[in-house]
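Below is one structure; the comments refer to it alone.
Taken together, the values in this text are just the output of simple stated rules run on the coordinates, not laboratory data. This one's a predicted model, so the numbers in the text were calculated from it and none came from an experiment. Backbone-built Cβ (ideal geometry, glycine too); neighbour counts: all protein chains shown.
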Amino acid sequence: MAPSTRTRQAIVLTVGLGGLAWAGLGCPAGDDAGTHAEAVYRQTMDANPEYHKYGLSLAAGTDSPWVRQQAVEASESQNFQIALAAVRALAHDPVEESRAPLRQAFDSRPGALKLQAAIGLTRLGDADAIAFVAEQIADPAQPLPVDAVDAIAATERAREILEPSLAARMGSDNLTLRNEAYAALAAVDQAWARAMLVEGLEREHGEERAQAIASIGRSGDPALATDIERFVNTQGLVFATLEALGALGNPTSVAAVRPATGNEESLVRAYAGAALWRLGDADGAVSVLEPLLASNDAGVRRLVATQLGAVDDPRAVEMLSGLVRGDADTDVRIAALRSLNEHAGPALVPVLVEAAGAADYQVQSLALDLLAKVGGSEQVADLLPLLDSENRYVAISAAHAVLAIRGRAAA
């Protein structure tokens with residue numbers, strides 16, 4: 001959970017990796033490293049509710065049993081926001097050990113807490129939770145959480161629960177409700193859901209087609225590309241269509257996409273270049289995107305960084321790594337790190353260690369969060385100095401990275 005602007009302004013930036021020696025900090029890199037990381041994690045969360053929520057957000061999918069246990073304990077907090085962050089973390093990708101605390105929250109807590117617990121229990125196959133989530137989805141007065149739909153979509157009752165509720169929203173005069181239905185259908189990998197998306201696309205007009213097109217792109221069915229190619233030059237739909245065609249990966253869409261790579265607008269070329277790459281023309285895409293990485297407009301470079309997250313090619317990773325290391329704009333570096341999350345692997349460790357020593361705490365924290373996923377025991381010594389960072393978001397991210405690495409090693 002990102003801190004507020006006021007919080008960010010108040011935070012004192014940070015100790016970096018370069019030039020700090022762990023030997024001077026009084027805690028050797030061994031068994032004591034985990035103890036020190038646990039103390040930093042716990043003390044930082046206890047110091048401030050915002051730090052507490054941030055620390056709990058790191059527990060979602062963590063490789064550290066100790067960090068997961070912090071979420072279990074916090075799920076009983078009387079602070080609603082802290083309890084909600086804890087339950088959301090436990091529900092994200094629940095393990096069997098999370099069943100009891102999720103059930104406790106489901107049985108005893110109201111509102112959003114109960115729903116988040118129910119989503120986690122639905123992923124664990126709990127019949128009572130499935131029935132509760134189904135009721136929420138069926139209520140048109142309730143917002144439609146995509147994670148609830150995603151959880152139901154993995155159950156045997158998916159069509160029974162989802163089809164009538166989503167069809168009702170699609171029939172609404174309210175575009176927001178229709179778009180909620182389209183966004184939800186993208187999370188359902190079933191033929192009936194894809195058919196509903198195509199039906200919704202044909203019902204909509206003009207720019208109101210944008211969400212249906214985007215959802216078709218996320219449906220995973222290359223055959224649907226022919227249903228949206230005609231919108232590649234339609235005002236208000238160009239970006240959504242190019243991105244969707246790239247995601248669908250149907251090679252026949254190259255003919256529809258390629259003309260956009262010569263568009264006079266840099267943003268259009270960025271979407272088109274990434275789509276072309278995902279459709280198989282890597283060399284053509286690189287020739288479009290490389291000049292955009294040298295643009296004086298940080299917004300263009302940021303968009304390229306975002307689009308490269310979906311490109312499965314080592315050259316895309318090299319481009320993103322170059323942005324993390326060398327771009328002068330913090331937002332571009334942040335976008336590149338978020339895209340590298342889609343390519344997480346040990347090969348990224350050098351660039352992530354370097355970024356963990358950056359001057360901006362957001363860059364540091366994102367790099368540390370990635371190191372928590374891909375770092376090895378040999379990186380612990382690089383992380384230890386950051387446990388004493390004056391920036392508490394950096395400190396807690398470093399503590400989590402140490403504990404996640406140790407959790408994987410123990411497993």
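Worth pointing out:
- Ranked list, fewest to most other Cβ atoms within 10 Å of each Cβ, for SER389, SER172: SER172, SER389
- For the chain, calculated [θ]222 nm from helices alone, where every DSSP H run of n ≥ 4 adds -39500 (n - 2.57): -19500 deg cm²/dmol
- Residues PHE106, PHE239, PHE80, PHE132, ranked from the fewest to the most other C-beta atoms within 10 Å, line up as PHE80, PHE239, PHE132, PHE106.
- Selection of GluC sites (Glu not before Pro), region 222-285, meeting DSSP coil and at most 16 other Cβ within 10 Å: GLU264, GLU265
- Under Karplus coefficients 6.51, -1.76 and 1.60, residue-wise ³J(HN,Hα) of region 171-181 in Hz, glycine/proline x: x, 6, 7, 8, 4, 4, 5, 5, 5, 4, 5
- Total formal charge among the other residues, if their Cβ is under 14 angstrom from that of ALA247, Lys/Arg +1 and Asp/Glu -1: -4
- Principal semi-axes of the equivalent ellipsoid, √(5λ) from the alpha carbon gyration tensor of region 190-251, are 16, 14, 8 Å from largest down.
- Put in order of Cβ neighbour count within 10 Å, fewest first, the listed residues LEU177, LEU242, LEU121 become LEU177, LEU121, LEU242.
- For region 277-411, projected area of the alpha-carbon convex hull averaged over all directions, nm²: 8.2 nm²
- Most fluctuating residue given options HIS92, HIS205, HIS400, as computed from a GNM of the chain linking Cα atoms under 10 Å: HIS205
- Region 152-208: mean projected area of Cα convex hull, nm²: 3.6 nm²
- Efficiency of FRET from Cβ geometry, THR330 and GLN104, R₀ 45 Å, rounded to 0.05: 0.65
- Put a plus charge on the Cβ of each Lys and Arg, a minus charge on the Cβ of each Asp and Glu, and nothing anywhere else: the dipole of the chain about its Cα centre is then about 320 debye.
- Residue among GLY284, GLY200, GLY273 with the largest mean-square fluctuation in a Gaussian network model of the chain, springs linking Cα atoms under 10 Å: GLY284
- Among [x] 24, 52, 23, 0; [y] 22, 44, 30, 5, 0; [z] 23, 40, 26, 10, 0, the entry derived from the coordinates for P(r) over Cα pairs in 20 Å bins from 0, in percent: [x]
- Dipole of the chain, positive direction: furthest Cα of ALA355, ALA60, SER389, with charges on the beta-carbon: SER389
- Among the GluC sites (Glu not before Pro) within region 349-411, those in coil by DSSP and having at most 13 neighbouring Cβ atoms inside 10 Å are GLU390.
- Residue-count net charge about ALA60 - beta-carbon cut-off 9 Å; Lys, Arg +1, Asp, Glu -1: 0
- Loop GluC sites (Glu not before Pro), region 114-202, which have at most 13 other Cβ atoms in a 10 Å radius of their Cβ (DSSP): GLU156
- Neighbour net charge for ALA344 - beta-carbon separation under 14 angstrom, K R +1, D E -1: -1
- In plain terms, the chain from GLU390 to ASP283 could stretch by 34.0 nm, reckoned as 0.36 nm per residue minus the Cα-Cα distance.
- 3J(HN,Hα) along region 217-233: x, 8, 6, x, 10, x, 5, 7, 4, 5, 6, 10, 4, 5, 9, 5, 10 Hz, from the Karplus curve 6.51 cos²θ - 1.76 cosθ + 1.60 with θ = phi - 60°, whole Hz, x for Gly and Pro.
- Region 339-411 versus region 37-59: alpha-carbon centroid distance in Å: 16 Å
- Dipole magnitude for region 126-230: about 260 debye, using +1 per Lys or Arg Cβ and -1 per Asp or Glu Cβ, origin at the Cα centre.
- Across region 70-77, rounded Karplus estimates of 3J(HN,Hα) from the backbone phi angles (6.51 cos²θ - 1.76 cosθ + 1.60, θ = phi - 60°) give 5, 5, 4, 5, 6, 5, 9, 4 Hz, Gly and Pro being marked x.
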